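The structure appears below as C-alpha cells.
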Amino acid sequence: MIGYYQPNSLGPMPKPTHAHSFLAGTDTTRAPLVLLHGSAGTESDLMPLADELAPGATKLGIRGTVAMGGGHAFFHRFPDRRVDEADIAARVPVLAEFIETSCAGYNLTRRPMAIGFSNGAIMAAALLMTHPGLLAGAILFRPLSPFTHDPPYRLDSTPVLIIDGAKDSRRSSGDGLRLAERLRRAGALVNHHLLPVGHSITAEDGGIAHEWLRALKL
C-alpha cells in the first residue's frame, strides 16, 4: 500500500507530511519496522532488505521530503557535504509526529524499530537523540552523527546497531564510531561493526543485522 496513513476515527484527516509505503505483517510477535532510505532514494528502497532481516514484520517505508537526484532525502547538506544541523533539527519533529500518527492509524501498538541507510540512518539517529521514547531501537547502516553535541536526553538501554564500511568514500574515518560513543554516553546499548566494504549495504551487513535482531527477540 502506498500513500498516507489511514486514520481510525471519522475525524478530519491531518495534513500529510510524508509519502510512505505500508506492508502489514503476518508475525505479530515482531516489532514493526520504520524504514528510512538513503540520499536520492524512495520509500520502497529498503523493503527487500527488511523482508530479509525480519520476515513477517510490519513495515512502514517513509519518503524523505527533500527532493534530490530524482529521489528524495530527509534533510539538506551544505555544498561541502556537511550536514545542516539546523535543517535536521527543524525536520525531525515533523518526522517523529508522522511516525507516531501512522503507527496509531495502522493500529500498531508496539514501538517500532528503525532501519536507516546513509541519509536515512543519520535521520534515524536524530530521532533517537531527540525523541527517546519513539523507537524501540535502530539499525544504522553507514551513519554519522546528526549533531555535534551529545543528546540532551537519556537513551537508557535502547539497542542500536551501527555498521560502517572501512572503504566508504562518503564517510570520514571514525564517523560511525563517534556516533556510537555519543549514543553510549547517553545510555544506549550500542553494537558497532566496521566491515571491509564501501558505502553500499552488503550481504555481510544483512547477516549481522539479521542476527542482531534475532537475538533481541523484538
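Values in this text are rule-based calculations from the coordinates and carry no lab data. Since we're looking at a predicted model, the values are computed, not measured. With ideal geometry, Cβ positions are generated from the backbone for all residues, glycine too; neighbour counts draw on all protein chains shown.
If you plug the beta carbon distance of SER157 and HIS199 into 1/(1 + (r/R0)^6) with R0 = 22 Å, you get a FRET efficiency near 0.15.
Rounded to two decimals, what is the ratio between the C-alpha radius of gyration of the stretch 54-159 and 2.2 N^0.38 Å?
Values: Rg = 13.7 Å, N = 106, 2.2 N^0.38 = 12.9 Å.
My calculation over the Cα atoms of the stretch 54-159 gives 1.06.
Computed 3J(HN,Hα) for the stretch 94-109, one whole-Hz value per residue from the Karplus formula 6.51 cos²θ - 1.76 cosθ + 1.60 where θ = phi - 60°, is 5, 5, 4, 5, 5, 5, 4, 5, 5, 4, 5, x, 9, 6, 8, 8, glycine and proline marked x. Estimated purely from DSSP H runs of n ≥ 4, each contributing -39500 (n - 2.57), the mean residue ellipticity at 222 nm for the chain is -9500 deg cm²/dmol once divided by its residues. Each residue of the stretch 196-212 was assigned a 3J(HN,Hα) from its phi angle through the Karplus curve 6.51 cos²θ - 1.76 cosθ + 1.60 (θ = phi - 60°); the sequence is x, 9, x, 7, 5, 6, 10, 4, 5, 4, x, x, 5, 5, 4, 5, 5 Hz, with glycine and proline shown as x. Using C-alpha pairs under 8 Å with a sequence gap of at least 6, the mean separation divided by the residue count of the stretch 2-216 gives a relative contact order of 17 percent. When DSSP assigns beta bridges and you keep just the ones with both residues in the stretch 44-173, what percent turn out antiparallel, to the nearest 5? Here the antiparallel bridges make up roughly 30 percent for the stretch 44-173. Label-to-label distance, LEU216 versus SER169, with points set 7 angstrom from Cα along the beta-carbon direction: 3.2 nm. Normalised Debye scattering of the stretch 2-216 at q = 0.10 Å⁻¹ gives log10 I(q)/I(0) of -0.39, counting only Cα atoms as equal scatterers and leaving out solvent.
Model label sites at ARG185 and PHE78, defined 7 Å from Cα along the beta-carbon direction, differ in position by 2.1 nm. When each of the peptides 128-135, 112-119, 81-88 is scored by how many other beta carbons lie within 10 Å of its residues on average, the order from highest to lowest is 112-119, 128-135, 81-88. Between ALA114 and VAL34, ALA136, GLY137, ALA138, ILE139, the built amide H atoms are under 5 Å apart, and every one of these is 5 or more places off in sequence or on another chain.
Where does the stretch 94-218 land on the Kirkwood hydrodynamic radius, alpha-carbon pairs, in angstrom? Can you show the working numbers first?
Working: mean 1/r = 0.0683 Å⁻¹.
The Cα-based Kirkwood calculation yields 14.6 Å.
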